[in-house]
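Okay, structure first, notes after.
The values are calculated or read from the model by the stated rules, or taken from the named source; none is laboratory data. Just so it is clear, the model here is predicted, and its values are computed rather than measured. So basically every Cβ, Gly included, is an ideal-geometry build from the backbone, and we count neighbours across all protein chains shown. Surface accessibility is based on the protein's heavy atoms, side chains included, excluding ligands, DNA and RNA. Shrake-Rupley method; radii C 1.70, N 1.55, O 1.52, S 1.80 Å.
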Amino acid sequence: MIEFVEVGPRDGLQNEKLLVATADKLQLIERALGYGARRIEVASFVNPAKVPQMADAEAVCAGLPLRSDATYVGLVLNARGAERALATGRIDQLGAVAVASDAFGVANQGQTSARSIAAVAEIAALARQAGKTVQATIAVAFGCPFSGEVPAAHVVAMARELATLGLEEVALADTIGVADPAQVAALLGQVKAAVHPLPVRVHFHNTRGTGLANVWAAIGAGASVVDGSLGGLGGCPFAPGAAGNVASEDVAYMLNRAGIETGLHFPAMVAANHWLAGVMGRRLPGMAAQAPPFPAGLA
Ligand code: ZN
């Protein structure tokens, strides 16, 4: 059993130039619930001048379906973001971001790697006071667009420190899509041991076509939670050249066919992909939704 997290409403859309209407974001969230996602990253609470696509985070939260079986995640980079997310009253879990390189950290969130861990600690304290859960993702864990290779030992040390902060899980993100499956397996194994017994989540971008292979390698090395974005949308405004996330429906197809339970309903994801392509006005990068149903007739 692998837990799936739909990050389309946040990571999928944050880099899109077309401003997606709040109503369409809410439709995307409804559809994600419909195809079986039970944890959804619904928005980020960041500076709207820097990420205009997320300027309606509060409005999205106000429209979220009332579901006792769903966990709504708000991405936050500092205490101010955490306070905004918590003030909505609709965010169940804060997603904090620690950065594995100083260069990316300063570009993305104005924090060095060390400062980003201190920010996670502040965010975690605010979440706890509000009775909410919190997790953290280590961004650019497999490579940095500015400084290149990221030492595995640094990522493992960060994970070990993060695990002391009262988090639900620690995640590794390949923000720019440079990881390969051997690197993923090796780093996952070390991080899993460093944060034990916390679960490890993984977040892959498919910039160079290694996304699904990396998901598979991560699961083999002990990851128990996987992020994906419907249609493979995604990118990062502060990471030059980063392409979309692994497509949720491609992850679901692969894992379901391999006999790994995800709770995801693939045909409903295909329908959601086609709906989202209509909203975006273009075909989306994900592949499984473009192919004929298999076995034939399973639509
Ligand atoms: Zn991402």
Within segment 180-237, track down each residue that is under 17 Å from Ala258 (Cα atoms) and not small (Gly, Ala, Ser).
Leu212, Asn214, Val215, Trp216, Ile219, Val225, Val226
Can you find even one residue in segment 29-52 that is surrounded by fewer than 18 Cβ atoms within 10 Å (Cβ to Cβ), among the acidic types (Asp, Glu), touching a helix residue (DSSP H, G or I) at 6+ places or on another chain (Cβ under 9 Å) and not in a strand (DSSP E or B)?
no
Which residues, taken from segment 8-23, are open to solvent by 50 Å² or more (accessible area, probe 1.4 Å) and not in a loop (DSSP other than H, G, I, E, B)?
Ala23
Among residues belonging to segment 227-257 that are free of Cβ contacts under 8 Å to residues at least 40 places away in the same chain and away from the ligand (no atom under 16 Å from the Cβ), point out the one that is least open to solvent (accessible area, probe 1.4 Å).
Asn256
Specify the residue that is nearest to the ligand (Cβ to nearest atom); the eligible residues are those in segment 137-169 that are farther than 19 Å from Gly228 by Cβ, of a type in the set (Gly, Ala, Ser) and open to solvent by less than 10 Å² (accessible area, probe 1.4 Å).
Gly143
Give just the number: which of (1) farther than 27 Å from Met158 by Cβ; (2) among the hydrophobic types (A, V, I, L, M, F, W, C); (3) buried (at least 20 other Cβ atoms within 10 Å of the Cβ) does Ala223 not satisfy?
(1)
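Would you please name the residue that is farthest from the ligand (Cβ to nearest atom), looking only at residues in segment 175-186 that are open to solvent by 10 Å² or more (accessible area, probe 1.4 Å) and touching a residue at least 40 places away in the same chain (Cβ under 8 Å)? Give the derivation first.
Of the residues in segment 175-186, the ones open to solvent by 10 Å² or more (accessible area, probe 1.4 Å) are 175-176, 178, 180-183, 185-186.
Next, only the ones that are touching a residue at least 40 places away in the same chain (Cβ under 8 Å) stay: 175-176, 183.
Values: Thr175: 6, Ile176: 9, Gln183: 17 Å.
The qualifying residue farthest from the ligand (Cβ to nearest atom) is Gln183.
Here is a yes/no grid of residues against (1) within 16 Å of the ligand (Cβ to nearest atom); (2) touching a residue at least 40 places away in the same chain (Cβ under 8 Å); (3) of a type in the set (A, V, I, L, M, F, W, C):
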{"site": "Ala21", "(1), (2), (3)": "no, no, yes"}
{"site": "Leu26", "(1), (2), (3)": "no, no, yes"}
{"site": "Ala32", "(1), (2), (3)": "no, yes, yes"}
{"site": "Ile40", "(1), (2), (3)": "yes, no, yes"}
{"site": "Ser44", "(1), (2), (3)": "yes, no, no"}
{"site": "Met54", "(1), (2), (3)": "yes, yes, yes"}
{"site": "Ala70", "(1), (2), (3)": "no, no, yes"}
Identify, please: which residue in segment 188-208 is open to solvent by 10 Å² or more (accessible area, probe 1.4 Å), more than 16 Å from the ligand (Cβ to nearest atom) and not charged (D, E, K, R) and is, among those, nearest to the chain's Cα centre (by Cα)?
Pro199
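Please state which one of Leu172, Leu212 is open to solvent by less than 40 Å² (accessible area, probe 1.4 Å) and either in contact with a helix residue (DSSP H, G or I) (Cβ under 8 Å, 6 or more places away or on another chain) or among the polar types (S, T, N, Q) (or both). Spell out the reasoning first.
Values: Leu212 fails: open to solvent by less than 40 Å² (accessible area, probe 1.4 Å).
Criteria check complete, one pass: Leu172.
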Any idea how many residues of segment 96-108 are in contact (Cβ under 8 Å) with a residue 12 or more places away in the chain and surrounded by fewer than 24 Cβ atoms within 10 Å (Cβ to Cβ)?
4
Scanning segment 263-289 for residues that are open to solvent by 70 Å² or more (accessible area, probe 1.4 Å) and not in a loop (DSSP other than H, G, I, E, B) gives His274
Subset of segment 60-95 (residues that are in a helix (DSSP H, G or I), small (Gly, Ala, Ser) and open to solvent by 50 Å² or more (accessible area, probe 1.4 Å)):
Ala62, Ala87
